[in-house]
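A short worksheet on the structure shown next.
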Amino acid sequence: MARTGVPIYDRKLSVDEIRTRLDRCHAPYHDVLDDACARAHQRFGIVWHVNCHSMPSQRSAKSSKKGGHCADFVLGDRDGTTCEPEFTDFVARELRGRGYTVRINEVYKGVEIVKRQGRPALRRHSLQIEVDRALYMNQKTLEKSPAFDQLRADITRLIEALKSFASARLEERRAQISV
């Protein structure tokens, strides 16, 4: 995580350094993700890809509780172009059911990864989930907050719900194919 106003490097990187990093890190990462999603799609006929990030909190120090003036979670599906609305709505309902505030496509709509992986017409769904850092850490000291364990438990329950969502859809698909 880069801190506002603090440079990551003590100098500008050369063009060759940037190209080397793109070739050694960026391209191989995307190749592996592309391959994993393609293999899952080939095996199951559908993919639900979730791309998680943390976002800097916009809360004031006085308002660190859930539901402050910004959202606890922002879901990005590029205005419905990378993911079926049913999946985005499911994730939003699950998070809201745990007491979190959720916005969809506000500030964070999803960028390259969801754009690259999400093709709903081909049954390839990709959703970006941004988590407000104030829910789990002190952004100045980078230490875990007392709420860290609760958020971890809630995200674990979300993952279990996502598994149930996907399993139910796969069963529906198998039933349709066998008819």
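The values are calculated or read from the model by the stated rules, or taken from the named source; none is laboratory data. Model, not experiment: these values are computed from the prediction. Backbone-built Cβ (ideal geometry, glycine too); neighbour counts: all protein chains shown. Note: accessible area is taken over every heavy atom of the protein model, side chains too, but ligands, DNA and RNA are not part of it. Shrake-Rupley method; radii C 1.70, N 1.55, O 1.52, S 1.80 Å.
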Margin query: Filter region 1-53 down to the residues that are surrounded by 10 or more Cβ atoms within 10 Å (Cβ to Cβ), in contact (Cβ under 8 Å) with a residue 24 or more places away in the chain and aliphatic (A, V, I, L, M) and list them by number.
Written below: LEU33, ILE46, VAL47, VAL50
Item checked: Those residues of region 1-42 which are within 16 Å of GLU112 (Cα to Cα) and aromatic (Phe, Trp, Tyr), in sequence order -> TYR29
Next item on the list: Could you please give the count of residues in region 90-123 that are more than 20 Å from ALA71 (Cβ to Cβ) and buried (at least 20 other Cβ atoms within 10 Å of the Cβ)?
Entry: 2
Check: Of the residues in region 137-179, how many are more than 21 Å from the chain's Cα centre (by Cα) and closer than 24 Å to VAL47 by Cα?
Finding: 11
Note to self: Six or more apart or on different chains, Cβ atoms under 9 Å: show the pairs whose first residue is in region 85-96 and under 13 Å from LEU158 (Cα atoms) and whose second is open to solvent by 70 Å² or more (accessible area, probe 1.4 Å) and in a helix (DSSP H, G or I).
What the structure shows: GLU94/ARG157
Note to self: Being surrounded by 20 or more Cβ atoms within 10 Å (Cβ to Cβ), touching a helix residue (DSSP H, G or I) at 6+ places or on another chain (Cβ under 9 Å) and among the acidic types (Asp, Glu) is true for just one of ASP132, ASP77. Which residue is that?
What the structure shows: ASP77
Next item on the list: Out of LEU142, LEU75, LEU127, LEU95, report the one residue that is in a loop (DSSP other than H, G, I, E, B) and of a type outside the set (Ser, Thr, Tyr).
Entry: LEU142
Item checked: Selection within region 149-179 - under 14 Å from TYR100 (Cα atoms) and open to solvent by 50 Å² or more (accessible area, probe 1.4 Å) -> GLN150, ARG152, ILE155, ARG157
Next item on the list: Considering only residues that are aliphatic (A, V, I, L, M) and at pLDDT 90 or above, look in region 47-81 and name the one that is nearest to ARG124 (Cα to Cα).
Entry: VAL47
